[in-house]
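Read through the structure below, which is laid out as structure tokens, and then see the notes.
Read-outs throughout are calculated quantities, based only on the coordinates presented, and are distinct from any laboratory measurement. Every value quoted in this text rests on a predicted model; they were computed, and no experiment measured them. Positions of Cβ are generated from backbone atoms using ideal geometry, with glycine treated the same way; all protein chains shown enter the neighbour counts.
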Amino acid sequence: MKRRVIILLALALVCAGQCAANSRLDDAFAGAQKIDLRTCDVSSVVILRDKVGIPPPSATVLVKVFERDKLPSVLESSFAREGVAGVTINGRYIAILKTQLRDEYTDVLRHELVHAYITLASPAPLPLWFQEGSAVYYSMGKDRKFYGQAVEERPGTMVGRTVELPESYKQQLQTFKYLLQTVGEKDFNAWYKQAVITGVVDPKPLLGLASQEKPTHKASRKRSAKWLFGLLAGAIAVVMVIAYFSSRYDRNYS
């Protein structure tokens, strides 16, 4: 009984904190563009929905452009790291820094909509390597890209800049490309779809590297650990509850 009360109190605290955070986000995203992933025609969404075959989430995604020097306080920490051009929060809110380069905005939107789509479509939080690998692969698709644009007021003049991925993003992109090149598009898409809709993203079975563990060994380990699970159950209950709700309602990707 006492443990149940503690869990309920923890739930109440987590929910109260999340409600307050969501209220601040709602205020920051007032007047935002509303995107329905079921009908959205942005290329990254079309691929995930129509080519890979992941059922589109029904939740509306809010997209809003902000100027860096006028960011609402609820978003300041999300853009604290240098080079961040957009962030997706909880799959429902997409914030993009204002840019004068149309192609750059388009790629950032493609990138963030991948985060939104797979976050909302998955029953469990997806690991960072999978999130960022997906977003880069289905948007920019390369290590670096030049964004150039003609200046209408000055014929013959072009403005632009080159964007290069951080090393960690490059590695995640290469992981995706390796998987695709190794198994082919059909098997890759089938694995990717299952990974998103189940939340299980282990690529080893895709590559034929799944471990063949004997059932007797599993049963033995389960029996030997049974008493330990019982002993720890009460101690970790609150932590598990808080972690679950935090992962569901505080997923922030750039």
Point to revise | Three principal axis lengths of the stretch 157-198 [C-alpha, angstrom, descending] | key: 47, 22, 21
Study note, to complete from the structure: Per residue convex hull volume, Cα only, the stretch 109-211, in Å³ is 120
Check your understanding: Say each of GLU164 and THR39 gets a label point 7 Å from the Cα, pointing the same way as Cα to Cβ; how far apart are those two points in nm?
Key -> 4.3
Study note, to complete from the structure: Between the modelled labels at ARG102 and LYS142 (7 Å from Cα along Cα→Cβ) the distance in nm is 2.0
Review point. Hey, which of these cross-link pairs are over 30 Å Cα-Cα: LYS64/LYS145; LYS98/LYS193; LYS64/LYS142; LYS64/LYS204; LYS51/LYS145; LYS142/LYS193?
Key: LYS98/LYS193; LYS64/LYS204
Check your understanding: Could you put ASP107, ASP50 in order, starting from the residue whose Cβ has the fewest other Cβ atoms within 10 Å?
Key -> ASP50, ASP107
